[in-house]
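The values are calculated or read from the model by the stated rules, or taken from the named source; none is laboratory data. Keep in mind the model is a prediction, meaning the values are calculated, not measured. Ideal geometry is used to build each Cβ from the backbone, glycine not excepted, and the neighbour counts take in all protein chains shown. Accessible surface areas use protein heavy atoms only, side chains included; no ligands, DNA or RNA. Shrake-Rupley method; radii C 1.70, N 1.55, O 1.52, S 1.80 Å.
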Amino acid sequence: MNSYQNMTIILIFAMCIILWPNQGHATAESNRFVALHDRMLHFEKGEVQIVNGQMIVPFEKMAQYLYADIVKTEDQLKVTKNGTSIVYVYNTKETFVNEVIEETNAIQMMNDVLYIPIRFLGEVTGFNVEYMSSILTARLTSETYPHISNQDFINKVVKDRKPPVPVPSDKPIVYLTFDDGPNRYTSVHLQILREYKVKGTFFFIGEDVQRHPSIASQTFLDGHYLGLHSMTHEKKKVYANAGAFMKEMQTENGLLKKLTGHTSTLVRAPYGSTPHVTSSMRDLLKRNGYKMWDWDVDTVDWKIKEDNYQQIVKNVQVGVEKARLAKDKQIVVLLHDRPQTNKALPQIIEWLKKQGYPIQRYSPELHVSQNFWRDQDL
C-alpha cells in the first residue's frame, strides 16, 4: 500500500469520526413523532428527541395526553396511570417507579423541562409501544381501547402528510375564535375541530380554567392558540382602572403558563374593546408586549336558542361574505363555547371550506391587527 492510499484511508477515518453522531446528546437530523392509538399527538418541533438511542418526550405533557393523574409539588412530580406511579425528585434527580428507584430509564432535565423515554413511560403504564421507522413515529396502543392496525395507521399518516394540492383562491383567511371557555361545550368543539383538521383560537376565562384545567390543557395539546379573556369577565372588576385591567390579564396568563407552559400574547377584552378599553389600558398592553383582538363577524351565537342554530351558520355566511367584499384579507369570527354553537360549527366549517376560505389559528409570528380602536400597535 503506497503513501497516497494510506493518506486517503486516514482522511476517510477522520471524517467518519467527525461526522459520527454523538449518542450522548440529542440528535436533530429529523423530527420525530408520537401517536396514541389512532391519533398523532401535537408536539412542537424539537420537543421529541433522540438521546442515547432512546426517543424521549416531555414527561408532564405526555402524561397529560395519557390522561394520567399529575401531582406537582416543590419537591417532586408524581404521575400515576393504570396503577403505576412514576416520581421524579428534583433535589436528588432520582426517578422512582412504584417507590423503587429506576436507574436505566431515569427522567432527565433538559432546558428546564423533564424528559422521559417514551418506550419506558408507555410500557410501565400498560401500553404497547412500537416504533414505526417509515413514519418516524412511536405509537402507543392499549388492548382496552379500539384502534386500527399498524399498517393501516401508517397508510393513514402517509396520506395525511401529503401536501394538499393548492387551489388558486383569492379568498381571505378566516380565524374561528371561541370565547368564554373552558367548559363542557369546549370539549365538543375540540372534537369537531379534530375531525375537520382545523385549528382555532380560544379566549378562556381564568376562573373557568381553574374549574376545568384538563379541558384547557387538552385545547393547548390539540394545537389551538390560547388567548386571554380576563380572570373574572366581570365588567366592574376588569375595567375598574388600568391596573386592574392589566392584573386580570396577567393573572390569567400566569395560570395558563403554569398549566401548559404556554405564555399568551393575545388579549380579547370582555364585551369588546370599545368603549371599555381606555388609552391607558392600551398603553399598558403595549408596554407588556400584548396584542388585542376584537372581531369582524359577530355571530351573536350567545343569544340564539339551540333549536335555531342554523341562524348562527347564516350569520357567519353573511358576515364573512360582507367582509370579503369589503376587501378584508383576514376575517376574525366571534363564536362562544355554547351548545347552539356546537351544533352550528360543522356546517360553518363545511361552508368555509367549500367556498375556498382557508381557516387558521392565531399566530404571534404572523400577527394581524384587528381591534375596534384601529390601533396598529395592537
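Would you pick out the residues in the stretch 195-206 that are open to solvent by less than 20 Å² (accessible area, probe 1.4 Å) and in a helix (DSSP H, G or I)?
Scanning the stretch 195-206 gives a single hit, G206.
Which of the residues that make up the stretch 301-316 are among the hydrophobic types (A, V, I, L, M, F, W, C) and open to solvent by less than 40 Å² (accessible area, probe 1.4 Å)?
Hits for the stretch 301-316 are I304, I312, V313, V316.
Which residues, counting only those in the stretch 235-257, are in contact with a Pro (Cβ under 8 Å, 6 or more places away or on another chain) and open to solvent by 10 Å² or more (accessible area, probe 1.4 Å)?
Result: K235, single match.
Limited to the stretch 258-280, what total is found for residues that are among the hydrophobic types (A, V, I, L, M, F, W, C) and open to solvent by 50 Å² or more (accessible area, probe 1.4 Å)?
Here the count works out to 0.
Residues in the stretch 112-123: is at least one out of contact with any Leu (no Cβ under 8 Å at 6 or more places or on another chain), free of Cβ contacts under 8 Å to residues at least 12 places away in the same chain and either over 25 Å from V79 (Cα atoms) or not polar (S, T, N, Q) (or both)?
Within the stretch 112-123, one or more residues are out of contact with any Leu (no Cβ under 8 Å at 6 or more places or on another chain), free of Cβ contacts under 8 Å to residues at least 12 places away in the same chain and either over 25 Å from V79 (Cα atoms) or not polar (S, T, N, Q) (or both).
Scan the stretch 355-378 for residues that are in contact with a strand residue (DSSP E or B) (Cβ under 6 Å, 6 or more places away or on another chain) and more than 17 Å from F178 (Cβ to Cβ) and report the count.
6
So, G126, is that one under 22 Å from the mean Cα position of the chain (by Cα) and closer than 15 Å to L36 by Cα or not? Spell out the reasoning first.
On the way: under 22 Å from the mean Cα position of the chain (by Cα): no; closer than 15 Å to L36 by Cα: yes.
Here the answer is no, as G126 does not meet what is asked.
Counting only residues that are among the polar types (S, T, N, Q) and under 18 Å from the mean Cα position of the chain (by Cα), give me the helices (runs of 4 or more DSSP H) lying completely in the stretch 207-267 with at least 2 of them.
213-221, 242-260
Take the residues in the stretch 162-188 that are β-branched (V, I, T) and open to solvent by 70 Å² or more (accessible area, probe 1.4 Å), then tell me which one is modelled with the lowest pLDDT. It would help to see each step written out before you state the result.
Restricting attention to the stretch 162-188, the residues satisfying the condition of being β-branched (V, I, T) are 165, 167, 173-174, 177, 186, 188.
After this cut, where a residue has to be open to solvent by 70 Å² or more (accessible area, probe 1.4 Å) as well, the list is 165, 167.
Working: V165: 59, V167: 56.
Once the filter is applied, the top-ranked residue is V167.
Tell me which residues, restricted to the stretch 63-80, are touching a Phe, Trp or Tyr at 6+ places or on another chain (Cβ under 9 Å) and within 13 Å of L114 (Cα to Cα).
Q76, L77, K78, V79
Taking the options G46, G53, name whichever one is surrounded by fewer than 16 Cβ atoms within 10 Å (Cβ to Cβ) and touching a residue at least 24 places away in the same chain (Cβ under 8 Å).
Details: G46 fails: touching a residue at least 24 places away in the same chain (Cβ under 8 Å).
It is G53.
What's the total number of residues in the stretch 322-378 that are assigned to a loop (DSSP other than H, G, I, E, B), of a type in the set (F, W, Y) and open to solvent by 10 Å² or more (accessible area, probe 1.4 Å)?
Qualifying residue count for the region: 2.
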